[in-house]
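Below is one structure; the comments refer to it alone.
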Amino acid sequence: MKYKFIIAIDPSGAYWEGKGTTGYSVFHVPDDRFIDLGTIQARGQVCAEAYWHKHIELLHNIIFWERGKRKGKPNKTIVVIEDYFLYAEKAESQINSRMETSKLIGILQHWCYTHGIPYYMQPAGLVKKRWADDILVHKGYLKKKGNRYEVCEHTRDSMRHALHFANFRNGDDV
């Protein structure tokens, strides 16, 4: 199936272990453009679960708003989530970690599963070099203001995931 909308998420579940910031983007494949970019912040949430729930609200609002516009017809939307791997060189720094990002990813997977929304897990290493910031700027997906970009690193990472899926996986049986 070729997807029309790609919702990409660069999750950070770090409520207790720091200032969690999840980046997200919504890519409209037919127009080759991002129609929404943003972040979800842990700051200001009363607990980790409230922060994580903001992710579910975001997915629900994007997916079911679009579906509602077409009176319940399938909207050809997929959620692409950056996968989490514990690499050997980082294992020691994760001792005593609550593994909050892994928990958040599980919540996102479960929500997609229970709502019949297709999702695809994509490793960060697959997209970082292929879709470097300079490439995003060159292709017109990202704007640079002085020495800064218009969106934060987490949102840029979600853009990388959306573009990689759109260019290399869209149409595959995932």
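The values are calculated or read from the model by the stated rules, or taken from the named source; none is laboratory data. Note that the structure is a prediction, hence the values are computed from the model and not measured. When we count neighbours, we look across all protein chains shown, and the Cβ atoms used for this are built from the backbone with ideal geometry, even at glycine. Surface accessibility is based on the protein's heavy atoms, side chains included, excluding ligands, DNA and RNA. Shrake-Rupley method; radii C 1.70, N 1.55, O 1.52, S 1.80 Å.
For the stretch 32-43, give me each residue that is open to solvent by less than 20 Å² (accessible area, probe 1.4 Å) and among the hydrophobic types (A, V, I, L, M, F, W, C). I'd like the intermediate steps shown before the answer.
Taking the stretch 32-43 and keeping what is open to solvent by less than 20 Å² (accessible area, probe 1.4 Å), we get 38, 40, 42.
Answer for the stretch 32-43, where residues must be open to solvent by less than 20 Å² (accessible area, probe 1.4 Å) and among the hydrophobic types (A, V, I, L, M, F, W, C): Ile40, Ala42.
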Original post:
Quick one: in the stretch 16-31, which of the residues that are free of Cβ contacts under 8 Å to residues at least 40 places away in the same chain and part of a loop (DSSP other than H, G, I, E, B) is least open to solvent (accessible area, probe 1.4 Å)?
Top reply: Gly18
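Specify the residue that is surrounded by the most Cβ atoms within 10 Å (Cβ to Cβ); the eligible residues are those in the stretch 140-170 that are more than 17 Å from the chain's Cα centre (by Cα) and at negative phi. Walk me through it before giving the result.
Of the stretch 140-170, the ones more than 17 Å from the chain's Cα centre (by Cα) are 140, 143-150.
If we keep only those that are at negative phi as well, we get 143-145, 147-150.
Numbers: Lys143: 11, Lys144: 12, Lys145: 7, Asn147: 5, Arg148: 9, Tyr149: 16, Glu150: 12.
Looking at the filtered set, the residue picked out is Tyr149.
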Original post:
Taking the stretch 135-147 as the region of interest, how many residues are charged (D, E, K, R) and either within 20 Å of Ile35 (Cβ to Cβ) or modelled with pLDDT of 95 or more (or both)?
Top reply: 2
Subject >> Evaluation of Ser102 against (1) in contact with an Asp or Glu (Cβ under 8 Å, 6 or more places away or on another chain); (2) surrounded by 14 or more Cβ atoms within 10 Å (Cβ to Cβ); (3) at pLDDT below 95 (one fails), failing number >> reply: (1)
**OP:** Could you check the stretch 97-174 for helices (runs of 4 or more DSSP H) lying wholly inside it with 2 or more residues that are free of Cβ contacts under 8 Å to residues at least 40 places away in the same chain and charged (D, E, K, R)?
**Re:** 133-138
